[in-house]
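The values are calculated or read from the model by the stated rules, or taken from the named source; none is laboratory data. What you see is a predicted model; the values in this text were computed from it and never measured. Cβ atoms come from the backbone with ideal geometry, glycine included; neighbour counts cover every protein chain shown.
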Amino acid sequence: MLCTDCKEQPATVHLTQMINGQKTELHLCLRCANRRGIQLWVLPFPPPSLKPVQPLPLSEAENQSCPVCHYQWKEFINTGFLGCPSCYTSFSALLAKVISQNFGNVRHQGKIPLKGAAPLKIRREVLSLKKELEKAVSEENFEKAVELRDQIRSLEKEIQ
């Protein structure tokens, strides 16, 4: 099958979306997918390094479905895929439970690159100290607030 955009390269990216109850399909080559800004994630579901997904008991969620595409939660449990972007909102509580069961954390932490990581680490530390400073001020612990302020100023000079 050829790419539906350029009609030259073989289609290797197949995108299916439900929009207003209508199923639309795109078949693109990598170049056209990149041109459209489609991000590709190659990750089998569930990831082989993790234990299989421990779904919630179906009695709790078996009849829940997305109001836009009518995709059901039990279909996600069977396939690992959602039907449309609205499914993320519709199933947010259920997805959070499955993600925390399998990955231990719902919030993405990311990674710091090895090259040029020092300024990023310092910025993160400054943000953390600023939160502590706000807490110290709200608790009227002004001695600690002064120490934190001085630490923040010192770190900000390092960044510059």
Checklist outcome for this item: Flagged pairs (Cβ under 9 angstrom, 6 or more apart or on separate chains; first in the range 1-19, touching a residue at least 40 places away in the same chain (Cβ under 8 Å); second part of a strand (DSSP E or B)) are Gln17/Lys23; Gln17/Thr24; Gln17/Glu25; Gln17/Leu26; Met18/Thr24
Checklist entry - Which one of the conditions (1) at pLDDT below 85; (2) under 30 Å from Gln151 (Cβ atoms); (3) of a type in the set (Asp, Glu) does Glu125 fail to meet, given that it meets all the rest? => result (1)
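Give me the residue from the range 10-19 that is touching a strand residue (DSSP E or B) at 6+ places or on another chain (Cβ under 7 Å) and not small (Gly, Ala, Ser) and, out of that set, nearest to Cys32 (Cα to Cα). Break it down into steps so the answer makes sense when it comes.
Looking only at the range 10-19, we keep the residues that are touching a strand residue (DSSP E or B) at 6+ places or on another chain (Cβ under 7 Å), and these are 10-11, 13-17.
Pick out the ones that are also not small (Gly, Ala, Ser) and you get 10, 13-17.
Numbers: Pro10: 11, Val13: 9, His14: 12, Leu15: 12, Thr16: 16, Gln17: 17 Å.
Among those that are touching a strand residue (DSSP E or B) at 6+ places or on another chain (Cβ under 7 Å) and not small (Gly, Ala, Ser), it is Val13.
From the list Val68, Val42, which residue is closer than 19 Å to Gln17 by Cα and either at pLDDT 80 or above or more than 19 Å from the chain's Cα centre (by Cα) (or both)?
Numbers: Val42 fails: either at pLDDT 80 or above or more than 19 Å from the chain's Cα centre (by Cα) (or both).
The unique qualifying residue is Val68.
Quick check on Lys97: is it in a helix (DSSP H, G or I), among the charged types (D, E, K, R), under 30 Å from Leu15 (Cα atoms) and modelled with pLDDT under 90?
yes
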Item to check | Test: Leu50 is touching a strand residue (DSSP E or B) at 6+ places or on another chain (Cβ under 7 Å), on the phi < 0 side of the Ramachandran plot and modelled with pLDDT under 85 | outcome: no
Next on the checklist: Checking the conditions here, which among Glu75, Glu8 is modelled with pLDDT of 85 or more and not small (Gly, Ala, Ser)?
Outcome noted: Glu8
